[in-house]
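Following: one structure in structure tokens, then a few remarks.
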Amino acid sequence: MQDAAPQTIHLADYRPYPFRLAEVDLTFRLAPGATRVLSRIRVEPLASGADLRLDGEGLRLISARIDGAPVAAVPDATGLTVPAAALPAGPFLWEAEVEIAPAANTALEGLYMSGGMYCTQCEAEGFRKITYYPDRPDVMAPFRVRIESDMPVLLSNGNLVAEGVGWAEWHDPWPKPAYLFALVAGDLRAHSGSFTTRSGRKVALNIWVRPRDEDRCDWALQSLIRSMKWDEDVYGREYDLDIFNIVAVDDFNMGAMENKGLNIFNSKLVLASPQTATDTDYERIEAVIAHEYFHNWTGNRITCRDWFQLCLKEGLTVYRDQQFTGDMRSHAVKRIEDVLVLRARQFREDGGPLAHPVRPESFVEINNFYTATVYEKGAELIGMLRALVGDDGYARALDLYFDRHDGQACTIEDWLKVFEDATGRDLAQFKRWYSQAGTPRITVQEDWQDGRFTLTLAQHLPPTPGQPDKQPLHIPVAVGLLNPNGDEVLPTRVLELTEASQSFTFEGLAARPVASVLRGFSAPVILEHPQDDATRAFLLAHDTDPFNRWEAGRALAKQVLSRMVRDGAAAAPDWLDAMARLVRDDALDPAFRALALRLPAEDDMAQTLHAAGIVPDPDRIHRARRQMAEALARHLAHDLPALWDRLRQHGPFSPDAASAGARALRNAALALMSRIDNGSHAAEAWAQADNMTDKMAALGCLIEAGHGGPEIAAFAAEWARDRLVMDKWFALQIAHAAPSEAVAVAARLTERADFDWKNPNRFRAVIGALSANHAGFHQADGSGYRLVADWLIRLDPANPQTAARMSTAFETLARYDADRQELMRAELSRIAATPGLSRDLAEMTGRMLKG
Ligand code: B3K
Ligand code: ZN
């Protein structure tokens, strides 16, 4: 069915739904081409005179009845309306039967098929593709679901209440919005366990996968058990059903989905074995299992009033999963990783045409707002609130939130009010973080006079689309001071910046201190703190705040690299020496050292140069970064092979944080050595690798050294039948291709029979990897832009959501030179002009072209 004419939805237009749904009863008669869905809904009017409006898209209506009598409801493109005059005065029973075709559903939204199984994805507005329903998060109801199918395993939300051959009935007692509905039917195997909650409820846990994948589920199961325990220990939140099911599916638009009691996951975020998954996969699986589980309270028990409030559940749940990973692994390392992602994705978004507030005020397609801003910046806002009210205040506010709002659909106003009520603080100015888009810049000025040290902080929030003028924000800036000998003279203190410019004075200091500003990255801002190479090297060696220690090294590296890009300077000795000290410091966590050794990414440098008013040249950035790595490899020519030898692991593979950190450092050393040894260590590493982490690292180095042909072939021969491993194989070749070859490599890969482009993981592995190869995507002849645009146009009719998401490859267009900008605009215009373009992709290209 054709998309309805796109309409813009506004937060200001919110109106409560005029009916309550007391009970929802669904029967599914599953068949790939013609599934019948019968719904029986007890409806109670909340206001008189309201029409009954139900959402519905792509449904074939078979029958509709009210209290048993047929109603003449004529569906339109987005649903159907029963006029108030045709409704009984009091409560009534709505019954409808519709037909849908899951096998034809390539958009992977609503009920669809993946690898022969049925599954659903309803958030945000997919339930309307299953039956007629008020598909909005503030309409919550208990669901009873009967599934009829010859598939051996039949699952839905809640508890299993009855089953027989060819059918099963589920009941979810917790009122929920339709976006949390889920159904799965397939030939599945369970890897099972159990968890007993602190009040003694024994919960059956199942990870459902396709036959033969059962032996790759234990990490996910153990991650789930750790998450359940952690949420009890840290937030006092217990699980509330007798069963918790997770299902892995191969075709999935995102990572995973928190459906009540029946989470559905992209199989890449469930399945792990040492032979097939990297350390990064293991860490991500643990984090996403936790994230979806934590949604049970922050998202499901307390949900969003409307989709503008998405950050209410996503920002908070991301913040919770970040804390969890920090507790399981290392807070310092996790914070650095999170800030790297924030800068790479959210700052990038904030700096371009797609910038929007954490709580947007309008949208055309809500799926386009599952963004780094809503998620990652949303999480930063929680961290800032906590910095402002302290750990105790945060704990009190959260307890109040769960007490006051359990079972409700809430807003950001409700959220901030619990903080105000629990702590007595006024958060009116803080609230601007939710409505003003863009990344604030804070400039720092130091003054030292008569034993008084003054820091003057000034904030500026640049204009963003639709928001030319901004008000000052309430920003927690964590600061510490060090003595010139490296001792801390002022432990971390949170300064509250609320004015455009403000000074903070520190008295009683014997010598001019070195300031460590924005410790722990206490706010999502760009800090402009003029410090010379030597001061940054000093902080990298001495800062007591681990995040700022890393940050000093990063700022130094960026300073050095930007001089190399601009004037062809050589890698600065201060930086080389600082890196040498770090590599030799065995007291430092290897995972931390691995991160500190990682050079700034090319896209990050382009962003940094653009922010400094310089037009980035992707090829120059690429060359300078290579030279920087080579200079470091030469400088550490004696250290690296020794480090690499020393970190060799013996015994069976373990995915724990310490072992993963050692592998990360060892592979960082390998990557550097490979710059100057023509790949000889990488060849040795490849031959010895007994796990996927080391295999991928070695193969990447071989490709970059200009080798790897036979290894690429051997890898493909070994793993041809494993979709997840082959995704890595596709992506790796593009990620490590030289800039002038990346487009050709990607184009060649798209010609393979196993380039199953309708599978989002495979599409991302090729087209996403090309967009992420900075100098490859931005080839001056426009071939990178063209290939990506061709594939977005091809994907859009099949899967608008993934096409729209991948179109963000073009969001950085304003950074580059006039020729590249013109080429990128031409591709965006070509996409925009495609007949029948989806609402999703039309909104994205429209926003990018508008700028
Ligand atoms: N809530 C889902 C995301 C749904 C995306 C819809 N396009 C996963 C998550 O954030 O946990
Ligand atoms: Zn989430």
Residue within the range 112-127 that is of a type in the set (S, T, N, Q), in a loop (DSSP other than H, G, I, E, B), away from ligand 2 (no atom under 16 Å from the Cβ) and in the same structural domain as Ser63 (by TED's automatic domain parsing) present: no
Residues within the range 299-327 that are within 12 Å of ligand 1 (Cβ to nearest atom) and aromatic (Phe, Trp, Tyr), tallied: 1
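Each row is one residue, and each column tells you yes or no for (1) part of a loop (DSSP other than H, G, I, E, B); (2) among the small types (Gly, Ala, Ser); (3) touching a strand residue (DSSP E or B) at 6+ places or on another chain (Cβ under 7 Å); (4) free of Cβ contacts under 8 Å to residues at least 24 places away in the same chain.
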residue	(1), (2), (3), (4)
Glu499	yes, no, no, no
Ser503	no, yes, yes, no
Arg512	yes, no, yes, no
Ala515	no, yes, yes, no
Pro524	yes, no, no, no
Leu527	no, no, yes, no
Leu539	no, no, yes, no
Phe547	no, no, no, no
Arg554	no, no, no, no
Residues of the range 64-82 that turn out to be part of a loop (DSSP other than H, G, I, E, B) and surrounded by 12 or more Cβ atoms within 10 Å (Cβ to Cβ), as a count: 6
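Would you pick out the residues in the range 420-456 that are of a type outside the set (Val, Ile, Thr) and surrounded by fewer than 15 Cβ atoms within 10 Å (Cβ to Cβ)?
Going through the range 420-456, the residues of a type outside the set (Val, Ile, Thr) turn out to be 420-422, 424-438, 440-441, 445-453, 455.
The answer is Asp421, Gly424, Asp426, Ala428, Gln429, Gln445, Asp447, Trp448, Gln449, Asp450, Gly451, Arg452.
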Cross-chain or 6+ apart pairs with Cβ under 8 Å, the range 312-334 first and over 16 Å from Lys229 (Cα atoms) and at pLDDT 95 or above, then outside any helix (DSSP H, G or I) and away from ligand 2 (no atom under 16 Å from the Cβ): Leu312/Thr411; Ser330/Asp589; Ala332/Asp589; Val333/Asp589
Condition check for Val389: more than 16 Å from ligand 1 (Cβ to nearest atom) and assigned by TED's automatic domain parsing to the domain that holds Tyr319: yes
Subset of the range 457-497 (residues that are surrounded by fewer than 18 Cβ atoms within 10 Å (Cβ to Cβ) and in a loop (DSSP other than H, G, I, E, B)): Pro462, Pro463, Pro465, Gly466, Pro468, Asp469, Gln471, Asn483, Pro484, Asn485, Gly486, Asp487
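Is it fair to say Lys229 is under 24 Å from Gly768 (Cβ atoms) and away from ligand 2 (no atom under 16 Å from the Cβ)? Write out each step before concluding.
Details: under 24 Å from Gly768 (Cβ atoms): no; away from ligand 2 (no atom under 16 Å from the Cβ): yes.
It is false that Lys229 is under 24 Å from Gly768 (Cβ atoms) and away from ligand 2 (no atom under 16 Å from the Cβ).
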Search result, residues across the range 5-19 that are free of Cβ contacts under 8 Å to residues at least 40 places away in the same chain and either among the acidic types (Asp, Glu) or surrounded by 14 or more Cβ atoms within 10 Å (Cβ to Cβ) (or both): Asp13, Pro18
Test: residue in the range 559-581 that is surrounded by fewer than 22 Cβ atoms within 10 Å (Cβ to Cβ), touching a strand residue (DSSP E or B) at 6+ places or on another chain (Cβ under 7 Å) and of a type outside the set (A, V, I, L, M, F, W, C): no
Matching residues, the range 287-324, being of a type in the set (Ser, Thr, Tyr), crowded, with 24+ Cβ neighbours inside 10 Å and either under 13 Å from the mean Cα position of the chain (by Cα) or not in a helix (DSSP H, G or I) (or both): Thr298, Thr303, Thr317
First in the range 713-737 and on the phi < 0 side of the Ramachandran plot, second anywhere and buried (at least 16 other Cβ atoms within 10 Å of the Cβ) and in a loop (DSSP other than H, G, I, E, B), Cβ under 7 Å, 6 or more apart: Asp722/Thr276; Arg723/Asp250; Leu724/Leu271; Leu724/Thr276; Val725/Thr276; Ile734/Asn773; Ala735/Asn773; Ala737/Asn773
Residues being away from ligand 2 (no atom under 13 Å from the Cβ) and in contact with a His (Cβ under 8 Å, 6 or more places away or on another chain) - total across the range 310-331: 0
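Given the condition more than 16 Å from ligand 1 (Cβ to nearest atom), under 30 Å from Ala842 (Cα atoms) and either in a loop (DSSP other than H, G, I, E, B) or within 18 Å of the chain's Cα centre (by Cα) (or both), answer yes or no: does some residue in the range 360-373 qualify?
yes
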Selected residue [out of contact with any strand residue (DSSP E or B) (no Cβ under 7 Å at 6 or more places or on another chain) and within 25 Å of Cys304 (Cβ to Cβ)] from Asp13, Asp51, Asp55, Asp76: Asp13
Unique match (being touching a residue at least 40 places away in the same chain (Cβ under 8 Å), within 28 Å of Arg146 (Cβ to Cβ) and among the acidic types (Asp, Glu)) among Asp231, Asp215, Asp172: Asp172
Evaluation of Asp645 against (1) crowded, with 22+ Cβ neighbours inside 10 Å; (2) out of contact with any helix residue (DSSP H, G or I) (no Cβ under 7 Å at 6 or more places or on another chain) (one fails), failing number: (1)
Members of the range 221-238 that are under 24 Å from the mean Cα position of the chain (by Cα) and either in a loop (DSSP other than H, G, I, E, B) or modelled with pLDDT under 95 (or both): Arg237
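Listed here are the residues, each with its yes/no results for (1) crowded, with 24+ Cβ neighbours inside 10 Å; (2) within 20 Å of Ile62 (Cβ to Cβ); (3) within 16 Å of ligand 2 (Cβ to nearest atom).
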position: Ala107; (1), (2), (3): no, no, no
position: Val139; (1), (2), (3): no, no, no
position: Pro142; (1), (2), (3): no, no, no
position: Arg146; (1), (2), (3): no, yes, no
position: Ala162; (1), (2), (3): no, no, no
position: Gly166; (1), (2), (3): no, no, no
position: Ala182; (1), (2), (3): yes, no, yes
position: Ala190; (1), (2), (3): no, no, no
Whichever residue in the range 275-298 is among the polar types (S, T, N, Q) and either farther than 23 Å from Met384 by Cα or in contact with a His (Cβ under 8 Å, 6 or more places away or on another chain) (or both) and, among such residues, is farthest from ligand 1 (Cβ to nearest atom): Gln275
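The values are calculated or read from the model by the stated rules, or taken from the named source; none is laboratory data. Here the structure is a predicted model, which is why all the values come from computation and not from measurement. All Cβ positions, glycine included, derive from the backbone under ideal geometry; neighbour counts span all protein chains shown.
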